[in-house]
Amino acid sequence: MAMTETKPATGAETDHAPARSGPGELERLVGTGDHRTIGRMFIGFSLMFSALALIGRTLHGVDVLTDNGVLGRFAAMTNLSSLVALLLIGAVPLLVGIAMVIVPLQVGSPAIAFPRAAALSLWGWLLAAGVFVTSVALNGGIGGRNDAATRLGNVSTGAMLVALGLATVCVMTTVVAHRPLGMGLSKVPLFSWSMLVAGAIWLLSFGSAFAHVVVGQISHAGAAELLKNFDAGLSWLVRGPSIYMIAIPALGIAGDVVGRATGRRLANYFVFQTLIAAFAVLSFGAWAQTPSSARTIVWSLIALLIALPVLGMLGGLADALRHGSIRPDAALISSLLALLLLLGAAACGALQALDGAGSGQLIGFGARGMAVGQASFVIGAAFLGALAGLFGWSPQLWGRPSAGPAALGAVALTTLGYALLGTSGLVQAIVQIDGKDTAEAAFGAAAAAGGVLAVLGILGVISATLGAARAGNDEGAEELNGLTLEWSGAPLALDAAPIRSPYPLLDNAEEANPGKENA
Amino acid sequence: MAETVLELPSVSAPPRRRELLFGTAFATAGVVMMMITLIGAYLSARGAAGPSWLANNQIPLSPGNMMMATLAMSVVTMQWAVWSIDRDDRPHTYLALGVTLLFGAAYINQASFLYSQVEMTMGQLEGALFYAVTGGHIAMVAAGMIFLVLMGFRALGGQFSSRQPDGIGAAAVFWHATVATYVLIWIAVYILK
């Protein structure tokens, strides 16, 4: 027998060999490094937590309507905690989840960078989010009155920041280091590009916010001191300009969704990338942590300028939509509505800038209503952008397209909900000039109604995605007809030809049919 | 003799070049931003407190200066490691990493000595921010040392060479950022007090 041949196994040996069972379902789930599984879990859990946070917003609205007749001493805690929850256990992880699945596919990579770190970020975030929700239930969270529970809320906030930061590092590194030959950063699909620039802003902002969490924790502060710490060191995360950072990926998603809907290249691709980058730079708010920074000329300029990239995106996308036959679907409508909500937020910022012009307050708009209105608009835009991604990339995420009517219904409800939340805050700020409480109950009712609609929207999204996930893989195969690499159905081969444009599949199609070039 | 068919074992895709370097750079940016915010909060609180700041404590300058000198030397040895691995000079790579680790350990030792000299309590006005800034940096140095050890072992295992020097380079990125952060702390906390 040659040395290289394997000795044949005898019957006796096989009979006595210990039976080895493979890992079970749960073990595979916990130990997975597969970017699709990790991303799907981010998406699923963040949708569920978002519904909880929106219920909190609804309860706060009902409480205002009934003159503190529902929440009692939990009112302030519910208001602050639900707002932060929408950010850290809702919008950001939802977008991170979509990015975990889609970004590697867009750059033709079979895996995400640092898959174990990506898995760690998921489980770390999930644990921290669970602890945060528990602390809220124990009258802690943010602004609660129980000392131990508020410390728990502070720690879990920090842990969520770290976990989401880690996930962001994985996504950013995938964009930068996993690109195939020829795909320079100028040829990266717009969603991946937006995640790269958003990630940079998120990392810096989360790092800065985490510093205040550390200070709050090591000073052994009680509930009252932790609330002060939040106001002084963390509340800037949910104010302008920083709040805009969560909506950066919505711009990229809109670009990719419109490109696919038209079946054409976006003209002046570099301009779209520049607009997204400009929006990201303007949304960097770690420099404006103190409330007094809102009275500086830089803050006012940023509040006014941030509308320009959004208007530029809308104009560019509208121009693209004028050409070719468009089939409006939930993804397209959702992505465009996200940009419109961002304009609502920019209107809030412009009014704040106007109010802060000169010394003191020029008009005296209600600051609380304006801030809540702006945050609601931006969070709504981030959610609608995410919905556009969820429905637009449903074949990649769940194996088949989402059902059209269910998706459209979810988009409509979500849009109405967040538009109502944002508009009620904006109108409240205008009506309640100089600290008056005019029509407070009516604004509470509007906020409650907006919260209910948004919850129904999220439930609609969960229903639509569950339907798509249950239907399996096969039926959606014919829908893989996009322009970028995630629609190719397989990772890029190592010996593939260099990428020549942001739309490699369109390049291939044009190469196969030279007469049908449409750029 | 039987005919044998030799097949190469299946291999996964080659490691992505610069993946670790980019990942470390991104993570480092977040960590540095945290430290900058802490230093900013320290300076802001000091400005608000006025003359009462550090009225009951003395921060000696010598340990802070020595820590700065130690870390400045470690920058050279860290870069020595990068230079050596780029030239496949493994003995010098290990030597440079070892000396850098020694400097890191010396820094932590000096920081603990400084703590014993300052005798600041957490209950004081300055306590939380002082320990957040300096303790945060000690944690950063410790993390850098762990990173160096891990990369050193991977280099020992043959994973890094002139063709794939990313791990050592990534550790250097984090280490240099750590030292740069200390320059800010040195000025803000130890010199300006």
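The values are calculated or read from the model by the stated rules, or taken from the named source; none is laboratory data. Here the structure is a predicted model, which is why all the values come from computation and not from measurement. We place every Cβ from the backbone using ideal geometry, glycine too, and count neighbours over all the protein chains shown.
Regarding A:L161, is this residue out of contact with any strand residue (DSSP E or B) (no Cβ under 8 Å at 6 or more places or on another chain) and under 17 Å from A:A91 (Cα atoms)? The answer is yes for A:L161. Summed over the range B:44-69, residues that are surrounded by fewer than 16 Cβ atoms within 10 Å (Cβ to Cβ) and within 14 Å of chain A (Cβ to nearest Cβ) total 3. Scanning the range A:272-303 for residues that are more than 23 Å from the chain's Cα centre (by Cα), surrounded by fewer than 16 Cβ atoms within 10 Å (Cβ to Cβ) and either away from chain B (no Cβ under 14 Å) or not hydroxyl-bearing (S, T, Y) (or both) yields a count of 5. One residue alone among A:A441, A:A468 is exposed (fewer than 15 other Cβ atoms within 10 Å of the Cβ) and at pLDDT below 90, and that residue is A:A441.
The lone criterion from (1) without any contact (Cβ under 8 Å) to a residue 24 or more places away in the chain; (2) within 21 Å of B:M33 (Cα to Cα); (3) among the hydrophobic types (A, V, I, L, M, F, W, C) left unmet by A:F230 is number (1).
The sole residue among A:A303, A:A250 that is small (G, A, S) and at pLDDT below 95 is A:A303.
Given the structure, is A:A167 hydrophobic (A, V, I, L, M, F, W, C) and more than 12 Å from every other protein chain (Cβ to nearest Cβ)? Criteria not met by A:A167. Here are B:A142, B:A180, B:A170: which of them is surrounded by 16 or more Cβ atoms within 10 Å (Cβ to Cβ) and assigned to a helix (DSSP H, G or I)? The match here is B:A170. Take the conditions of a type outside the set (D, E), on the phi < 0 side of the Ramachandran plot and within 14 Å of chain B (Cβ to nearest Cβ) and apply them to A:V131. Does it pass? So A:V131 fails the test. Kindly establish whether A:L227 is assigned to a helix (DSSP H, G or I), more than 9 Å from chain B (Cβ to nearest Cβ) and either over 23 Å from the mean Cα position of the chain (by Cα) or on the phi < 0 side of the Ramachandran plot (or both). The answer is yes for A:L227. Restricting attention to the range A:135-148, the residues being part of a helix (DSSP H, G or I) and either modelled with pLDDT of 95 or more or surrounded by 24 or more Cβ atoms within 10 Å (Cβ to Cβ) (or both) number 2.
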